[in-house]
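Presented below is the structure to which this report refers.
Every number here is computed from the coordinates shown, using simple stated rules; none is lab data. Values in this document were obtained by computation on a predicted structure and should not be read as measured data. Heads up, the Cβs are rebuilt from the backbone with ideal geometry, glycines too, and the neighbour counts pull from every protein chain shown.
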Amino acid sequence: MVMAITASPAADTSLASVTLEVADLEAARRFYSAFGVDSYIRLRASDAYSTGFRGFTLALTVSGPSTVDAFVGAAVDAGAAVLKPAAKSLWGYSGVVEAPDGTIWKIATSARKDTGPATREVDDVVLLIGVEDVKATRRDYVGRGMTVAKSFGGKYVQFTPGGAGPLTLALYKRRALAKDLGVPADGTGSHRIVLGSTADAFTDADDFAWEAAASPAPARS
């Protein structure tokens, strides 16, 4: 059952930016430009230790299957590895790729058939983080001023995005997220991602680091 939550006037904290920590900054810039998602993320050089699943994915929602194929193809041509080939599913059509820096991307559409030609347009960008206790993390985030847009009990929570940015934050069980992406759930070390907050810096119970962001991530023109 979906439970809608009415926004509180005082709840004005939201996800403003996503910064990926990469070992080779210039190579990452080339990849994300070729992939076509450089407008939605920021990059930072880092040699932080990390192995296995990093506990998150960035998901692109697009208009139709041919656009999913176009993004998957562009990612592979630029050096990404396919974790799940694009295919029809119960929810539509999607594919999963892993960038050379280790970030996992899911490209999906709810449409089963195309209604027009392929484009390079993105409807939504969702940062989906895998957590051990969805309800506890939800309480923490709500306590910090975030507003819940929809919730499926202890399985999934999506927060209201900030008005100026294209990013949406959602929570999912870590093991369920790994299964959906086609990777083992185990992982150690850094998440290799920093979340920008419209409020204060903090680190949550699953060690996802938030920093105060000066401005929202730029929207794609």
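Of note:
- From its DSSP helices (H runs of at least four residues, each -39,500 (n - 2.57)), the chain gives a residue-normalised ellipticity at 222 nm of -5500 deg cm²/dmol.
- For A16, distant residues with modelled amide H under 5 Å away: G196, S197, T198
- Check: the chain dipole with +1 on Lys, Arg Cβ and -1 on Asp, Glu Cβ, in debye: 700
- Full-extension gain in nm, F202 to R139, via 0.36 nm per residue minus C-alpha separation: 21.2 nm
- Considering only the chain, percent of DSSP beta bridges that pair antiparallel, nearest 5: 65
- All-pairs Cα distance distribution in region 15-212, expressed in whole percent, bin size 10 Å: 9, 37, 39, 15, 1
- Label zone at T51 (point 7 Å along Cα-to-Cβ), backbone N below 18 Å, region 184-205: 184-192
- The chain - percent relative contact order, Cα under 8 Å, separation 6 or more: 30
- One Cα centroid belongs to region 29-57, the other to region 151-197; the line between them spans 15 Å.
- Taking other Cβ atoms within 10 Å as a rough exposure proxy, V131, V122 sort from fewest to most as V122, V131.
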